[in-house]
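Got a structure here, written out as structure tokens. Questions coming.
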Amino acid sequence: MTANLLDFDLDGLAAFCDQLGEKRFRATQLFRWIHQRGESNFDQMTDLAKSLREKLKVHAHVQGLSVLSRHDSADGTIKWLFNVGDGNAVEAVFIPEDDRGTLCISSQAGCAVGCRFCSTGHQGFSRNLSTGEIVAQLWYAEHFLRRHLNTPDRVISNVVMMGMGEPLQNYSALVPALKTMLDDHGYGLSRRRVTVSTSGVVPMMERLSQDCPVALAVSLHAPNDPLRDNLVPLNRKYPIAELLAACNQYLEFAPRDFITFEYCMLDGVNDTPEHAQQLVQLVRQHATGKGVWCKFNLIPFNPFPASGLLRSPTPRVQAFAKILLDAGIVTTVRKTRGDDIDAACGQLAGDVRDRTRVAERIAQQRTIVLKPVTDLTANNKEA
């Protein structure tokens with residue numbers, strides 16, 4: 001079986017070329033052809049020695065993902081559905097803005113975390129993506145957009161690992177993919193412009209700070225453990241105090257001096273003034289005795305039938321944001337993009353094969369009603 005060269009970061013490609021009896025500079029040339037020029041045909045890589053090209057034809061290939069569908073939003077957002085085989089598919093989304101072009105990338109087919117407000121989690125989990133399958137989303141999108149826009153310049157300036165899946169539960173494939181994105185011979189992205197979003201896999205946050213520190217976004221969504229246990233089940237394993245301690249540790253190595261906390265606004269669940277005040281206290285002082293340098297990104301919920309949840313009214317979101325801002329915490333409200341093509345935050349579901357009996361589990365959970373907000377607040381005060 002030949003090797004898919006999208007699976008290698010530059011060090012991995014250099015090791016592969018060494019096995020072929022080639023010097024590292026040949027790996028650098030090859031890496032540039034693949035990622036900077038989007039080339040997959042070895043015969044077109046004209047500055048490579050013919051002997052190397054012949055070896056590559058025998059031992060390697062450059063294989064991206066086939067596109068099952070593409071949807072273009074009225075606001076310029078583009079969503080692709082990629083086939084990853086065996087009945088599984090993943091989605092990636094390009095979001096154009098005046099000062100940047102952001103690509104949202106998937107790391108898994110489905111997701112095992114099961115956050116209540118995320119349609120991907122309600123699909124269940126099929127499998128991890130390989131490094132090549134993660135990188136292939138960027139490889140395809142970047143070079144498609146260059147052709148589409150008729151420009152030789154880089155189009156994608158920011159990458160966010162916020163698509164389908166929990167990136168830190170696919171750590172071994174994630175890190176080489178991140179290194180390829182950051183490498184000047186690859187996509188040359190800044191560490192500040194590559195963001196990994198996590199629901200709070202604490203041990204892997206610590207490893208990422210050492211192996212490949214990039215910008216970090218944490219899906220918080222609740223100011224206390226009882227509520228977060230219900231919304232983000234991973235909290236039962238890594239409660240808020242442990243999560244915030246890991247955030248502070250990460251900041252010692254991060255390219256930015258703050259953590260972004262993502263907070264999905266759910267009507268009557270986590271959007272009261274009391275919840276906002278709890279958040280203020282949470283980031284000012286927690287179990288370790290230190291606050292967390294952070295910004296909040298409030299996310300309007302994108303409803304889907306299986307969730308049983310509704311979007312917070314805009315005035316309530318604005319009032320919530322004002323409490324955080326008045327406390328001196330940088331707070332933004334995320335613009336909704338790609339709503340008309342189901343490409344907005346929390347909507348990615350793709351077409352994955354469910355091997356976790358998620359439909360059965362959700363049906364059972366429907367008998368468990370969320371505790372009233374007043375009870376949750378009381379429980380938090382008692383704690």
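For residues that are surrounded by fewer than 18 Cβ atoms within 10 Å (Cβ to Cβ) and over 17 Å from Ala177 (Cβ atoms), tally how many sit in segment 195-209.
Selection size over segment 195-209: 2.
Which residue pairs have Cβ atoms closer than 6 Å, lie 6 or more positions apart in sequence or on different chains, and pair a first residue in segment 192-218 that is modelled with pLDDT under 95 with a second residue that is not in a strand (DSSP E or B)?
Qualifying pairs under 6 Å: none.
What number of residues in segment 50-101 are on the phi > 0 side of the Ramachandran plot and among the acidic types (Asp, Glu)?
Here the count works out to 1.
Give the number of residues within segment 217-261 that are closer than 23 Å to Asp271 by Cβ, of a type outside the set (A, V, I, L, M, F, W, C) and either surrounded by 23 or more Cβ atoms within 10 Å (Cβ to Cβ) or within 20 Å of the chain's Cα centre (by Cα) (or both).
The qualifying residues number 7.
Residue-by-condition table, conditions (1) over 23 Å from Leu174 (Cβ atoms); (2) assigned to a loop (DSSP other than H, G, I, E, B); (3) modelled with pLDDT of 95 or more; (4) of a type in the set (Val, Ile, Thr):
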position	(1), (2), (3), (4)
Phe16	no, no, yes, no
Phe31	no, no, yes, no
Arg53	yes, no, yes, no
Gly64	no, yes, yes, no
Asp75	yes, yes, no, no
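Looking only at residues in segment 15-63 that are surrounded by fewer than 18 Cβ atoms within 10 Å (Cβ to Cβ) and among the small types (Gly, Ala, Ser), which one is nearest to Arg147 (Cα to Cα)?
So the residue we want is Gly38.
Which residue out of Gly87, Gly110, Gly101 is surrounded by fewer than 21 Cβ atoms within 10 Å (Cβ to Cβ), at pLDDT below 95, out of contact with any Cys (no Cβ under 8 Å at 6 or more places or on another chain) and not hydrophobic (A, V, I, L, M, F, W, C)?
After ruling out the rest, the residue left standing is Gly87.
When you go through (1) out of contact with any strand residue (DSSP E or B) (no Cβ under 9 Å at 6 or more places or on another chain); (2) more than 25 Å from Arg127 (Cβ to Cβ) one by one for Ser73, which number turns out not to apply?
All conditions are met except number (1).
The values are calculated or read from the model by the stated rules, or taken from the named source; none is laboratory data. No experiment lies behind these values; they were computed from the predicted model shown. Cβ atoms come from the backbone with ideal geometry, glycine included; neighbour counts cover every protein chain shown.
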